[in-house]
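The values are calculated or read from the model by the stated rules, or taken from the named source; none is laboratory data. Because the structure is predicted, anything quoted here is derived from the model rather than measured. Virtual Cβ from ideal backbone geometry, glycine too; neighbours counted across all protein chains shown.
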Amino acid sequence: MKIYLKQIFLLIPLFLLTSCFDILDKVNVKADGSGEYSLILNASKSKTRLASISKMETVNGKKVPKKAEIESKINEAEKIFKSVPGISNVKTSMDFDNYIIKLSCNFKKIENINAGLEQLKAKNILGKMIPTHIYSQNLSGKSFTRNKISTFKSDYDKLSKADKEVFNDAKYTSILQFENSIKSQSNPAYLLAPNKKALKLDGNILDFILQKKQIQNNITFQ
């Protein structure tokens, strides 16, 4: 099932060789529906291990991607995002000392991000099993939705013990920030900020894969 793992993590192949990494996606939405988006892949907690692995050709039968290969993928992702209507100010950064990769951009409406992710999938930058229709917003209805994603439990159950270990300590965090105050939400797993203008959800990536924690949330504004 190594092929399955690659289908998920085509953008971050080096992370397949360690289970200790964090994924953070952050959205900041203005009252008019425009905003900022960022995605950060952070494996700094495994940087010593990854520094050693990066000098090898293969580990446990897996080809170790070189720095140039990773840079090429990230640069291609940046180019693709820049081509999507409604997306601007695209920036990427790669810290190979601490193994942190970041992509950020501005959007006219949150659905532009869905389109950008769909383009990354179409160009084989993101794996086929990564969800892309993840956000939607209704300005007139004063609502914002984090859409439900499919479960990967059946695929996970087929993995070998070694491949399952990739997810053991991997973490995922979602931060949603808004200019308008939040009136209500449908998923209490999201923590509401005291100012009622931000929500945070975090947990083990495995919990989201197996849907022990739900990402879906319907948010309304005052």
Of the residues in the stretch 81-120, how many are in contact with a Leu (Cβ under 6 Å, 6 or more places away or on another chain) and either free of Cβ contacts under 8 Å to residues at least 60 places away in the same chain or polar (S, T, N, Q) (or both)?
-> 1
Only residues that are in contact with a strand residue (DSSP E or B) (Cβ under 6 Å, 6 or more places away or on another chain), aliphatic (A, V, I, L, M) and modelled with pLDDT of 75 or more: list them for the stretch 1-53, please.
-> I23, L24, V27, V29, L39, I40, L41
Can you name the residue in the stretch 102-150 that is over 16 Å from the mean Cα position of the chain (by Cα) and in a loop (DSSP other than H, G, I, E, B) and, of all such residues, is surrounded by the fewest Cβ atoms within 10 Å (Cβ to Cβ)?
-> S140
Out of all the residues in the stretch 92-99, is one or more of a type in the set (S, T, N, Q) and more than 25 Å from S44 (Cβ to Cβ)?
-> no
Which of (1) touching an Asp or Glu at 6+ places or on another chain (Cβ under 6 Å); (2) over 30 Å from A31 (Cβ atoms); (3) without any contact (Cβ under 8 Å) to a residue 40 or more places away in the chain; (4) of a type outside the set (A, V, I, L, M) does K171 not meet, given it meets every other one?
-> (3)
Could you list, in sequence order, all residues of the stretch 127-159 that are among the charged types (D, E, K, R) and farther than 18 Å from Y190 by Cβ?
-> K128, K153, D155, D157, K158
Does K213 fit the bill of being of a type in the set (D, E, K, R) and buried (at least 16 other Cβ atoms within 10 Å of the Cβ)?
-> yes
Does the stretch 174-222 hold any residues that are within 20 Å of L24 (Cβ to Cβ) and among the small types (G, A, S), and which are they?
-> S174, A189, A193, A198, G203
